[in-house]
Amino acid sequence: MVSLDDVKKAYREIGDTIQKTPILTSSLLNERCGMQVCLKAEHLQKTGSFKIRGATNAVKQAVAGGARFITAASSGNHGQAVAYIASQLGIPAMIVVPEDANRVKVEAIKAYQAEVEYCGLTSAERIPRAKQLAEDNHGAYIPPYDHPAVIAGQGTIAIEILKQVPDVDVIVVPVGGGGLIGGILCAAKALKPEVRVIGVEPETANDTFLSLQKGEITAISGTTTIADGLRTSQPGDLTFPILREHLDELVLVSEVEIKEAFQFLLERTKQLIEPSGATALAAVMAGKAGMADEKAAVILSGGNVDLYQIPHFLTS
């Protein structure tokens with residue numbers, strides 16, 4: 001399991017790459033939720049999401065171990081993050097994306113100077129291809145969440161939150177594969193054991209919720225949730241034990257609740273957050289996470305939005 005020392009080491013290693021993202025507040029949001037809401041603005045992070053933290057830590061470790069080529073299987077935030085840090089380190093990268101990958105996301109990956117290879121439609125097709133490319137080129141494959149260095153890198157968010165909001169009562173985190181919340185749990189529970197950590201999943205992408213209920217990793221079929229960054233089929237082998245041991249609660253939010261949070265952030269705070277990044281706030285606004293008069297740190301995990309999709313993310 002990832003330790004606090006691992007997270008602290010990651011924080012030192014990635015400090016010259018990442019942004020120390022701000023805490024945003026809104027008096028209107030506080031009034032609506034009946035608590036103090038502190039928004040951790042990871043959408044303002046380099047490459048537009050928290051993913052750069054774990055990617056930087058993992059890629060730097062791989063390069064230190066002799067890797068001279070980097071691969072990943074992702075058409076989204078992870079792919080962009082890996083492409084960016086590989087470029088910064090002068091290491092060639094290949095990002096394997098699905099054949100139906102969003103054009104905007106592919107162009108963003110290319111803008112960070114990585115090559116792109118199209119492969120199949122599912123992660124079951126992309127991941128073996130990315131691993132094979134890494135092996136053929138004496139490189140390293142960087143998974144999106146189920147990797148100790150990735151988990152430790154994501155956990156650096158907790159270090160920042162506890163410095164910025166030392167009296168925080170609860171941290172609310174979106175849950176996909178579990179790398180983000182796993183890292184936050186490893187750091188937050190060691191630094192401030194009394195802080196509660198609540199995970200949030202879409203109702204239609206509830207693989208971690210079901211896994212926790214059953215006490216074992218449980219897979220789901222595909223989902224069409226607008227929170228596309230949370231469309232994992234099951235939690236990770238490394239991340240799930242962390243959640244099972246340390247997570248205080250996991251709640252589910254509807255598509256309408258995600259849209260309401262997305263629209264509130266856009267209209268009232270003037271922040272453009274991708275639906276996945278608005279999911280944690282959706283739980284707070286719906287009264288599913290946090291209690292009256294508490295101080296809640298809510299992770300806005302990313303802001304990489306296809307502008308043409310915005311009308312689909314608004315409430316009627």
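Filtered by the rule that a residue be more than 23 Å from residue 286 (Cβ to Cβ) and among the β-branched types (Val, Ile, Thr), segment 174-220 gives 217, 218. Taking segment 158-267 and the strands (runs of 3 or more DSSP E) fully enclosed by it, the elements with 3 or more residues that are in contact with a Leu (Cβ under 6 Å, 6 or more places away or on another chain) are at 196-202.
Just one of the listed residues (224, 232) is over 18 Å from residue 40 (Cα atoms) and without any contact (Cβ under 8 Å) to a residue 24 or more places away in the chain, namely 224.
Taking residue 205, is it at pLDDT 95 or above and surrounded by 18 or more Cβ atoms within 10 Å (Cβ to Cβ)?
So residue 205 fails the test.
Of the residues making up segment 257-274, not a single one is modelled with pLDDT of 95 or more, more than 18 Å from the chain's Cα centre (by Cα), more than 21 Å from residue 42 (Cα to Cα) and in the same structural domain as residue 165 (by TED's automatic domain parsing).
Among the residues of segment 289-316, those that are among the aliphatic types (A, V, I, L, M) and either in contact with an Asp or Glu (Cβ under 9 Å, 6 or more places away or on another chain) or crowded, with 16+ Cβ neighbours inside 10 Å (or both) comprise 289, 291, 296, 297, 298, 299, 300, 305. Taking the criterion of being assigned to a loop (DSSP other than H, G, I, E, B) and surrounded by fewer than 24 Cβ atoms within 10 Å (Cβ to Cβ), the residues of segment 268-288 that qualify are 269, 270, 271, 272, 286, 287, 288. All conditions but one from (1) over 19 Å from the mean Cα position of the chain (by Cα); (2) crowded, with 20+ Cβ neighbours inside 10 Å; (3) in the same structural domain as residue 282 (by TED's automatic domain parsing) apply to residue 214; the one that does not is (2).
Please work out if residue 118 is without any contact (Cβ under 8 Å) to a residue 60 or more places away in the chain and closer than 20 Å to residue 228 by Cα.
On the way: without any contact (Cβ under 8 Å) to a residue 60 or more places away in the chain: yes; closer than 20 Å to residue 228 by Cα: yes.
For residue 118, the condition - without any contact (Cβ under 8 Å) to a residue 60 or more places away in the chain and closer than 20 Å to residue 228 by Cα - is met.
So which residues in segment 29-76 are surrounded by 23 or more Cβ atoms within 10 Å (Cβ to Cβ), of a type in the set (Lys, Arg) and farther than 23 Å from residue 127 by Cα, if there are any at all? Within segment 29-76, 40 is the sole residue that qualifies. Strands (runs of 3 or more DSSP E) fully within segment 20-136 that include at least 2 residues being outside the structural domain of residue 154 (by TED's automatic domain parsing) and under 16 Å from the mean Cα position of the chain (by Cα): 70-73.
For segment 217-235, state whether one or more residues are assigned by TED's automatic domain parsing to the domain that holds residue 162, surrounded by fewer than 16 Cβ atoms within 10 Å (Cβ to Cβ) and of a type in the set (Asp, Glu).
No, that holds for no residue.
Exactly one residue among 90, 153, 76 is without any contact (Cβ under 8 Å) to a residue 12 or more places away in the chain and within 30 Å of residue 3 (Cα to Cα), and that residue is 90.
Residue count for segment 155-169, restricted to those that are buried (at least 20 other Cβ atoms within 10 Å of the Cβ) and over 24 Å from residue 57 (Cα atoms): 1.
For segment 27-58, a residue qualifies if it is in contact with a strand residue (DSSP E or B) (Cβ under 7 Å, 6 or more places away or on another chain), of a type outside the set (D, E, K, R) and in contact (Cβ under 8 Å) with a residue 60 or more places away in the chain, and the qualifying residues are 29, 35, 36, 37, 38, 39, 41, 43, 48, 49, 50.
Evaluation of residue 79 against the conditions (1) surrounded by 24 or more Cβ atoms within 10 Å (Cβ to Cβ); (2) at positive phi shows that the sole unmet condition is (2).
The values are calculated or read from the model by the stated rules, or taken from the named source; none is laboratory data. Please read all numbers here as calculations on a predicted model, not as lab measurements. Ideal geometry is used to build each Cβ from the backbone, glycine not excepted, and the neighbour counts take in all protein chains shown.
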